[in-house]
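The values are calculated or read from the model by the stated rules, or taken from the named source; none is laboratory data. Everything quoted here is computed from the prediction, not taken from an experiment. The protein model used for the area step is the full one, side chains on, heavy atoms only, and it has no ligands, DNA or RNA in it. Shrake-Rupley method; radii C 1.70, N 1.55, O 1.52, S 1.80 Å.
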Amino acid sequence: MTEPLDQRQPATRTIKRRCPDCGASLVKRSSESKHLLMSTTYLVCSNAVCGATFTGVDEITHRLSPPSRPNPAITLPYAPSALRRGVLEQQGLPGEMESQAPELMGLPASQGVEP
């Protein structure tokens with residue numbers, strides 16, 4: 001049986017950052033939203049002997065792909081196309097061209113976009 005939502009332990013997440021002191025993985029303990037595009041993040045070293053703790057800023061600076069329902073209060077530039085392609089490939093997501101329907105790109109519906 002699952003615990004009620006209010007009794008669950010806060011989720012921690014090991015992120016791909018390394019402790020600048022010992023090189024062990026950092027664990028994200030919490031974050032506080034400061035703005036729609038910015039938050040303060042609190043990190044702790046996973047090495048109990050080291051035990052270093054850190055704070056940092058997470059900021060959303062660019063869009064990689066268009067939203068289905070954009071927030072009119074937010075204006076974000078798109079990242080350069082080479083950066084978007086690289087990040088989308090790394091995340092295993094379809095690229096800009098693959099995510100569009102062929103008919104929207106001026107192609108007959110029977111033709112797809114070749115990789």
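Values computed for the structure shown
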item	result
Whether the range 17-66 is rounded, prolate or oblate, judged on the alpha carbon gyration tensor where a/c under 1.5 counts as rounded	prolate
Share of carbon and sulfur in the accessible heavy-atom surface of the range 28-95 [1.4 Å probe, %]	55 percent
